[in-house]
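Working notes, beginning with the structure itself.
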């Protein structure tokens with residue numbers, strides 16, 4: 001996992017999928033805030049990087065960053081717990097959405113889970129976030145439950161989705 005994986009997303013952009021580092025956290029938190037995810041913040045990501053799941057924390061770095069005030073297009077954070085992969089956060093900057101970044105990040109973290117021997121992957125997604133649900137379906141996830149009032153600010157149900165990992 002230490003070797004960056006270079007990919008070309010469907011829109012033609014070249015990116016590298018690399019492990020998240022402490023140096024990425026300001027941009028990660030910026031993307032988190034812009035995406036409306038439940039807030040983790042810098043300290044939570046930093047603490048997660050100190051644990052055994054750091055290989056499941058990835059960023060999509062742009063290959064060509066001239067004239068941009070950022071280098072990271074998106075990120076994913078997951079945990080391997082008791083043989084299951086729990087995907088905690090996936091976020092892509094607005095201007096890179098619907099261009100394949102989320103798909104590449106999800107595929108890479110699922111591959112890492114498979115390498116670790118996980119049998120299933122789980123995630124929660126806002127019930128009103130149809131774009132994210134469609135992305136997850138494209139990766140093979142299927143809805144299995146609803147969690148009432150799981151999210152706050154604004155209050156919203158969560159759809160629990162799962163994927164068998166083989």
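What follows is calculated from the coordinates using simple rules that are stated; it is not laboratory data. Note that the structure is predicted; figures quoted are calculated from it, not measured. Cβ placement follows ideal geometry from the backbone for every residue including glycine, while neighbour counts extend to all protein chains displayed.
The order of the peptides 110-123, 88-101, 41-54 by mean Cβ neighbours within 10 Å, most packed first, is 88-101, 110-123, 41-54.
A crude spin-label estimate for the pair residue 98 and residue 134, with each label 7 Å from Cα along the Cβ direction, gives 0.7 nm. Stretching the chain fully between residue 120 and residue 157 yields a gain of 11.1 nm (0.36 nm per residue, less the alpha carbon separation).
For the options 58, 26, 135, a Gaussian network treatment of the chain with springs between C-alpha atoms closer than 10 Å singles out 26 as fluctuating the most. Taking 7 Å steps out from each Cα toward its Cβ at residue 70 and residue 38 produces label points 2.3 nm apart. Where the centre of each part is set by its Cα atoms, how far does segment 78-109 sit from segment 37-67, in angstrom? After rounding, the separation between the Cα centres reads 11 Å. Working note: 222 nm ellipticity from helices only, DSSP H runs with n ≥ 4, each -39,500 (n - 2.57), summed and divided by the residues of the chain, gives -8500 deg cm²/dmol to the nearest 500.
How far apart, in nm, are the 7 Å Cα→Cβ label points at residue 30 and residue 164? About 4.3 nm separates the two model spin labels.
Within the listed set 153, 13, 80, the residue fluctuating most in the Gaussian network model of the chain (springs between alpha-carbon atoms under 10 angstrom) is 153. Estimated at 0.36 nm per residue, the fully extended path between residue 147 and residue 47 surpasses their Cα-Cα distance by 33.3 nm.
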